[in-house]
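Colleague: Structure below; questions to follow.
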Amino acid sequence: MENEVTVDAWKANLIALILALVILFIPVHFLVNHGLLAGVVDLSTILVMIFVGSFVHELIHFSYYYRNHVTGVRLGFAWLCKVIPTPYTTFDGVVEARQYRTSLLLPTLILVPSAMLLGVVLHSYPLFVFASSMLIGGVGDMLVWRAMCDVPSDSKVRDHPSKIGALVVG
């Protein structure tokens, strides 16, 4: 019997929106006003950073599963509103819950601190915006990670075929 461990997409997007407001308006205002960040980022640059960052985020998931010899791992693109290519990683195989949880956190743990630190050290507003967007983009993964905390580490899980999350299969 399979047990779903999923996250509602609306909830994830709402939390991401609130996080975006908190991250991008309050700290950025402080950092820019105190001379710790400089530079201007236009909307097209932000969209390119989000797309590239999303691809790298999914590439980290893909690399983790590929390196661990997970069956049927794929990196692809889904079309959001038939206009925006959205990268994703999925797999057909079964992994331990601990592996799934590790994969969920890796992109955020790699991309956010490194880009934030570089942004502050180089006084780069664009890097700070990139780091912020990667943190916001990792909300869904973090929510699934939290939902997976009750699943024993050695339980077998597979990626959910249509929702944000996994199926516990054993």
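Colleague: If you average 1/r across every pair of different Cα atoms in the range 97-144 and take the reciprocal, what Kirkwood value do you get, in Å?
Modeller: It works out to 11.0 Å.
Colleague: Net charge within 10 Å of residue 154 by Cβ-Cβ distance, Lys/Arg positive one each and Asp/Glu negative one each, not counting residue 154 itself?
Modeller: Cβ neighbours under 10 Å give a net charge of +1.
Colleague: Cut-off 10 angstrom, C-alpha nodes, Gaussian network model of the chain. Which of 78, 97, 131 fluctuates the most?
Modeller: 78
Colleague: How large is the helix-only mean residue ellipticity at 222 nm for the chain, computed as the sum of -39500 (n - 2.57) over DSSP H runs with n ≥ 4, divided by its residue count, in deg cm²/dmol to the nearest 500? Mind dumping the intermediate values first?
Modeller: Working: 5 runs with 98 residues, N = 170.
It comes out at -20000 deg cm²/dmol, rounded to the nearest 500.
Colleague: Additional query: If contacts are Cα pairs under 8 angstrom and at least 6 residues apart, what is the relative contact order of the chain in percent?
Modeller: Reported as a whole number, the value is 36 percent.
Colleague: Right, another one. Tell me which DSSP H helices of the chain clear both cut-offs, 15 Å or more of axial length from alpha-carbon atoms and a mean Kyte-Doolittle hydropathy of at least 0.0.
Modeller: Those that pass (Cα extent of 15 Å or more, hydropathy at least 0.0) are 9-33, 43-67, 97-121, 125-137.
Colleague: Before I look further, what does the chain give for accessible area per residue, probe 1.4 Å, in whole square angstrom?
Modeller: So the chain comes to 58 Å² accessible per residue, rounded to a whole number.
Colleague: So for the range 43-170, considering every pair of alpha-carbon atoms, how many percent are separated by more than 26 Å?
Modeller: So the portion of pairs separated by more than 26 Å is 25 percent.
Colleague: Probe radius 1.4 Å, ligands and nucleic acids ignored: give me the carbon and sulfur share of the accessible area of the range 40-80 as a rounded percent.
Modeller: Details: 1920 of 2760 Å².
Reported share for carbon and sulfur atoms: 69 percent.
The values are calculated or read from the model by the stated rules, or taken from the named source; none is laboratory data. All figures in this text were calculated on a predicted structure; none of them were measured in a lab. Backbone-built Cβ (ideal geometry, glycine too); neighbour counts: all protein chains shown. Note: areas computed on protein heavy atoms with side chains; ligands, DNA, RNA excluded. Shrake-Rupley method; radii C 1.70, N 1.55, O 1.52, S 1.80 Å.
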